[in-house]
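The structure appears below as structure tokens.
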Amino acid sequence: MVNAEMMKRLSVKVAGLSMKTPVTTASGTFGFGLEFADFVDLNQIGAITVKGTTLKPRPGNQGQRIVETPSGILNCVGLENPGVEVFLKETLPKLKQYDTRVIVNIDGDSADEYGELAAMLDVDGVDAIELNISCPNVAQGGLAFGTSCTAAAEVVKAARARTHKTVITKLSPNVTDITEIARAVEAAGSDAISLINTLVGMKIDIHTRRPVLGNTMGGLSGPAVRPVAVRMVYQVAQAVRIPIIGMGGIASWEDAIEFFLAGASAVAVGTANFQDPRLAQTISEGIASYLIENHFDSIQDLVGLALPDR
Amino acid sequence: MTKYLVDGTILGQRSLSPDIRVMEIKAPEIAKTAEPGQFVTIKTNHLSVPLLRRPFGVAGVDREKGSFLLIYRVVGETTHLMETLKEGDSISILGPLGHGFDRTHKNALLIGGGVGLAPLHFLAADYPGAQVDVLIGARTAKELFWTELFRDKTRRQIETTDDGTWGIKGMVTTPLPELLKEGQYDCVYVCGPSPMMRAVVDIVRPTGIPCQISLEKYMGCGLGACLSCTCSGIGRRVKVCKDGPVFWAGEVTAW
């Protein structure tokens, strides 16, 4: 259990977002949080980052949506979700009962849609919005915004102009230079950056001789992508001044510590929630023990210690 | 209903056929609460390979002993690892998950193919109605251990094999029309490969007899969060792991 002494060391502020622990959940791997209530005390995690939400309901992609690969999974869910109105009416009131932060991941077909979503979610109970400009599984928008500095900046500006909440931009690793996009979204007014989203990949069934996933390609996540994620956090931490939420294959507290050392102020547990649904909570205990054993008063003292100028 | 994440203890396992095993696991939380049709997800280690937990329908429970059965075919990484487990070994269990079979009917016909018969085995053992018959679809006579498993839990066992080495040559759909005519069934329960279930539903539907199907889809979380296993229902999307795996045949439109 995390005691008061541990909690003091774990609390963190990511831009305007005060979190009890530096641990949130990666969007799409934790539903709306409520699905995990049997395993996690939702009051004991830093923030719940909910499933990608769009203006209108989306049915998602046809065919097989997930397949396991070495130390990872490929998914092409395709942003299936009930739409922002259902989220506001049915889900948010339930989430409000918990003493935690709520980050709503949003995805639009155009910069205007991100703006509209940001405005609709500028309500009590929502603490931050995460701009998903990196979903590889949708025909329009998604990744296209995340691979162009100009388009990414437009999305950030559109959302920034219509919300008082903390704006986090989730970057795609499917780019030549992640620092360019990071600088662009910082300049456009993003309060924080989260990375990485999934890496585009695919798997072929040698018996049917067809791609396994219904959408042909999907997003790779899990421990397989962790070294890529650590590298990108390390690069982005040197390129921008805004805080970073690090994610990509975190499956233990040791993995999380790596991300803090690379420059992340907070971390998110993603695919590992499927292996151990308690992890979003229990990982904080390991982080706290590490801080105590190594005489760090606060998680913030750990951030970026592996960077070259430290 | 409360779901649990527990470390179960293997009480033993044995071969039922060259590639099918039955495993008994001590896990009182699961054994006391699981209902026929529900499933658990398994992880045999704490490593990242295999990464995802794998779903298995509960094949039976001993509520007093606090143990439950899994019947599985050795096909992939997780089942190969499961096969090597010995008495006393630990195995991570998440469950019971999903919704089970509706058991408010009187006379039931259970229809299963392959390891799809596993959850029906639990249903037959815990069916409060008057009579239960089972129609067993197997590939060859090697898989007819199912008949023995069902013998003391059902009134009648009807077998079909693809190669005709035992019972009726053909598929479960071969004797089905005749069975439905004479059987006075109030409900049909099907679990097996999708093409088999579709064929059965096509035959049962015109008779007006209620029919439940148990779907299987590649799952991520098993908790209704990741939306990997959704399919189309009437006017809504349904999650196989949470809204199912058991559905009324007309409840899901594309599966």
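Nothing in this text is a laboratory measurement; each read-out follows from the coordinates by a stated rule. This one's a predicted model, so the numbers in the text were calculated from it and none came from an experiment. Reconstructed Cβ throughout: ideal geometry from the backbone, glycine too, with neighbour counts over all protein chains shown.
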Exercise. Put a dot 7 Å past each Cα toward the Cβ at residue B:194 and residue B:141; how far apart are the dots in nm?
Worked result: 3.4 nm
Exercise. How long is the gain from residue A:18 to residue A:298 if the chain were fully straight, where each residue apart is worth 0.36 nm and the alpha carbon distance is subtracted?
Worked result: 99.4 nm
Problem set entry | Candidate lysines for bridging to residue B:142, where Cα separation is under 20 Å - those fewer than 8 sequence places away on the same chain excluded | B:169
Seminar exercise, completed: Once normalised by the length of segment B:107-214, the mean sequence separation of its alpha carbon contacts under 8 Å that are 6 or more apart gives a contact order in percent of 28 percent
Problem set entry | Vicinal HN-Hα couplings computed from phi for segment A:295-303 (Karplus, 6.51 cos²θ - 1.76 cosθ + 1.60; Hz; Gly/Pro x) | 6, 9, 6, 8, 4, 5, 6, 8, 5
Exercise. Could you give me the ³J(HN,Hα) list for segment A:73-88, computed from phi with Karplus coefficients 6.51, -1.76, 1.60 and θ = phi - 60°, whole Hz, x at Gly and Pro?
Worked result: 9, 9, 10, 9, 4, x, 6, 4, 6, x, x, 5, 5, 5, 4, 5
For this session: Provide the three semi-axes, in whole Å and in decreasing order, of the ellipsoid equivalent to segment B:107-214 as defined by the square roots of 5 times the Cα gyration tensor eigenvalues.
Result: 18, 16, 12
For this session: Place +1 on the Cβ of every Lys and Arg and -1 on the Cβ of every Asp and Glu in the protein assembly as shown, take the dipole about the Cα centre, and give the residue among A:305, B:141, A:199 whose Cα lies farthest towards its positive end.
Result: B:141
For this session: Bin width 5 Å, alpha-carbon pairs only: give the P(r) of chain B as whole percents, running from 0 to the bin holding the largest distance.
Result: 1, 6, 14, 18, 20, 17, 13, 7, 3, 0, 0
Problem set entry | Antiparallel %, DSSP beta bridges [both residues in chain A], to 5 | 40 percent
For this session: Would you mind getting me the FRET efficiency between residue A:124 and residue A:161? Use the beta-carbon distance for r and R0 = 25 Å, nearest 0.05.
Result: 0.80
For this session: Taking the Cα centre of segment B:4-97 as origin, work out the dipole magnitude from +1 charges on Lys and Arg Cβ and -1 charges on Asp and Glu Cβ, in debye rounded to 20.
Result: 80 debye
For this session: For segment B:162-251, compute Rh as the Kirkwood radius over C-alpha pairs and then the Stokes-Einstein diffusion coefficient at 20 °C and 1.002 mPa s; write the answer in µm²/s, rounded to an integer.
Result: 147 µm²/s
Problem set entry | Percent of Cα-Cα distances greater than 20 Å, calculated over segment A:134-262 | 47 percent
Exercise. Which of the trypsin sites (Lys or Arg not before Pro) across segment A:82-120 are loop residues per DSSP, with 16 or fewer other Cβ within 10 Å?
Worked result: A:96
Seminar exercise, completed: Restricting to Cα pairs under 8 Å and 6 or more apart, the percent relative contact order of segment A:186-310 works out to 23 percent
Exercise. Measuring from label point to label point, each 7 Å out along Cα→Cβ, what is the residue A:8 to residue B:84 span in nm?
Worked result: 4.8 nm
Seminar exercise, completed: Expected vector for segment A:152-161, Karplus 3J(HN,Hα) from phi with 6.51, -1.76, 1.60 and θ = phi - 60°, integer Hz, x for Gly and Pro, equals 4, 4, 4, 4, 4, 4, 4, 6, 4, 5
For this session: Would you calculate the volume per residue, in Å³, of the smallest convex hull containing every Cα atom of segment A:226-310?
Result: 84 Å³
Problem set entry | Rounded to whole Å, sorted largest first: equivalent-ellipsoid semi-axes of the protein assembly as shown, Cα gyration tensor | 46, 25, 20
For this session: Consider a paramagnetic label point 7 Å from the Cα of residue B:155 along Cα→Cβ; state which residues of segment B:120-136 have an amide N under 13 Å from it.
Result: B:129-134
Exercise. If you take all C-alpha pairs in chain A, what percent of them are over 31 Å apart?
Worked result: 23 percent
For this session: Taking only the C-alpha atoms, wrap a convex hull around segment B:1-119 and report its volume per residue in Å³ as a whole number.
Result: 110 Å³
